[in-house]
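Notes follow the structure.
Nothing in this text is a laboratory measurement; each read-out follows from the coordinates by a stated rule. Being a predicted model, the structure only gives us computed values, none of them experimental. FYI the Cβ positions are ideal-geometry reconstructions off the backbone, even for glycines, and counts take in every protein chain you see.
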Amino acid sequence: MSGRLAVVGLGPGNERYVTPEAAAALSDAQAVYGYGPYLDRVPPRAGQSRHPSDNREEAARATDALHRAAQGANVAVVSGGDPGVFAMAAAICEQIATGPDTWRTLDVVFIPGITAMLAVAARIGAPLGHDFCALSLSDNLKPWPLIERRLDAAAQAGFAIALYNPISRARPWQFASALERLRRHLPPTTPVIFGRAVGRADEQVVVTALQTAANETADMATLVIVGTRETRVIERPGRSPLVYTPRGINRAVAEAIA
Ligand code: SAH
């Protein structure tokens, strides 16, 4: 019997954001691997084994899942959001690249999910309506000076910026430092969106400006979107504001960047 490995995106937390393809892969799996809180989101199924692991054990989780699939099992590895965005899909590919030849002949599929930045953007309007980029602020896998260089480049080039992994207990100062960096390049009024636990019961979305954006507003479950010089806020009576980045760029802004 030949095994199969599905790398499955669960979306940001709301079960309505789990695609039918992801749900089918999860119900077919004999063994499911993932970070504990993500595994808790997978509906229980008789006969299916669960293999929770810590969120820093991605390489070991990937090799365990690959071994199990190579033995002939139908295996799913889950990620929150999309598995290709700062998550398990690359970890699986890294292990296939360096692992035994038999892993290259495995049936491996990647099942996309709604990534946090799209879920947050959809709550508030269209902050990613024009060119944007995504950056992880975690310096576990890359040096902090490189992150600063990328923040500079993104802000100078006029991208809206989605910041994943803004802060954690082990990384308490990086987010404040990133905001300071961005203030060098962007006007104080640049809209900043904090989307926390989007799609879950304790969801919170807050809009502020770069000058008032504060460290404390973010935690590990927060995705931050920093707008551009052209991102606008529409205040609405009796409703939450809309934030959008227009599709076309103002000529003077474009010339200033170029
Ligand atoms: N693969 C995931 C991202 C993993 S990195 C995805 O595609 O969304 C983990 C980071 O994602 C968190 O620190 C946070 O910045 C963001 N994130 C994940 N789920 C979120 C949610 N429901 N609401 C807001 N941000 C979230």
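Put a dot 7 Å past the Cα of Ala201, heading toward its Cβ, do the same for Glu235, and the two dots end up 3.5 nm apart. So what is log10(I(q)/I(0)) for region 127-184 at q = 0.20 1/Å, when the Debye sum runs over its Cα atoms only? Calculated log10 I(q)/I(0) at the listed q: -0.71. Spatially, region 182-196 and region 229-250 are offset by 14 Å when compared through their Cα centroids. Mean projected area of the Cα convex hull of region 1-132, taken over all directions, amounts to 8.6 nm².
Adding -39500 (n - 2.57) for every DSSP H run of four residues or longer, then dividing by how many residues the chain holds, sets the calculated 222 nm ellipticity at -8500 deg cm²/dmol.
Residue order for Arg41, Arg149, fewest other beta carbons within 10 angstrom first, comes to Arg149, Arg41. Max-minus-min Cα coordinates of region 143-255 on each principal axis give 43, 41, 21 Å, with the largest extent listed first.
Each principal axis of the Cα atoms in the chain has its own extent, and those three values, largest first, are 62, 42, 35 angstrom. Listed by Cβ neighbour count within 10 Å, with the fewest neighbours leading, Met117, Met88, Met220 appear as Met220, Met88, Met117. Once the C-beta distance of Ala254 and Met220 is scaled by a Förster radius of 30 Å, the resulting FRET efficiency is 0.25 to the nearest 0.05. Only Cα pairs under 8 Å and 6+ residues apart enter the sum, and on that basis the relative contact order of the chain stands at 19 percent. Shown for Leu141, Leu223, Leu39: other C-beta atoms within 10 Å of each C-beta, ranked fewest to most, produce the order Leu141, Leu39, Leu223.
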